[in-house]
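This report refers to the structure that appears directly beneath it.
The values are calculated or read from the model by the stated rules, or taken from the named source; none is laboratory data. None of the values given here were measured: they were computed from a predicted structure. Backbone-built Cβ (ideal geometry, glycine too); neighbour counts: all protein chains shown. Quick note on the areas: whole protein, heavy atoms, side chains included, nothing else; ligands and nucleic acids left out. Shrake-Rupley method; radii C 1.70, N 1.55, O 1.52, S 1.80 Å.
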Amino acid sequence: SSGVVVCDPLWTATTGGGIIGSPAVANGVVFVGSDDHNFYAFDAAGSTNCAGTPKTCNPLWTATTGDRVQTAPAVSG
């Protein structure tokens, strides 16, 4: 046995472009930027705005940026 465990994701989501930067997680929300000039917030638990089998989530909210988001977000407060 290799000792490697493979787990299915709790949920998945789609953005309008690629994601280069790592997501940030704070207060139960996953924050991630995309090449589609948008910033997204998803429920980390996969409950709010999520449905189906396998579970797919829609964003809690999005914000349009002036360009592609290629770095990891930072969360404060």
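Based on the inverse mean of 1/r over its pairs of different Cα atoms, what is the Kirkwood hydrodynamic radius of the stretch 28-77, in Å?
After inverting the pairwise mean of 1/r, the radius is 11.7 Å.
Determine ³J(HN,Hα), in whole Hz, for all residues of the stretch 27-32 in sequence, where each value follows from phi through the Karplus function 6.51 cos²θ - 1.76 cosθ + 1.60 and θ = phi - 60°; x replaces Gly and Pro.
With the stated coefficients, the stretch 27-32 comes to 6, x, 10, 9, 10, 8 Hz.
Can you work out ³J(HN,Hα) from phi for every residue in the stretch 36-52, in order, using Karplus 6.51 cos²θ - 1.76 cosθ + 1.60 and θ = phi - 60°, giving whole Hz and x for Gly and Pro?
Karplus-based 3J(HN,Hα) across the stretch 36-52 equals 8, 6, 10, 10, 10, 10, 10, 5, 4, 6, x, 9, 6, 6, 10, 7, x Hz.
Can you tell me the order of 29-37, 14-22, 2-10 when each peptide is scored by its average per-residue count of other Cβ atoms within 10 angstrom, highest first?
With the highest mean Cβ count within 10 Å placed first, the list reads 29-37, 14-22, 2-10.
In sequence order, what are the phi-derived ³J(HN,Hα) couplings for the stretch 17-23 according to the Karplus relation 6.51 cos²θ - 1.76 cosθ + 1.60 with θ = phi - 60°, rounded to whole Hz, with x for glycine and proline?
x, x, 10, 9, x, 5, x
Enter the accessible area per residue of the chain (Å², integer; probe 1.4 Å; all protein chains in place).
66 Å²
With both bridge residues required to lie in the chain, what share of the DSSP beta bridges run antiparallel, to the nearest 5%? Write out the running numbers ahead of the final one.
Values: 14 of 16 bridges.
Here the antiparallel bridges make up roughly 90 percent for the chain.
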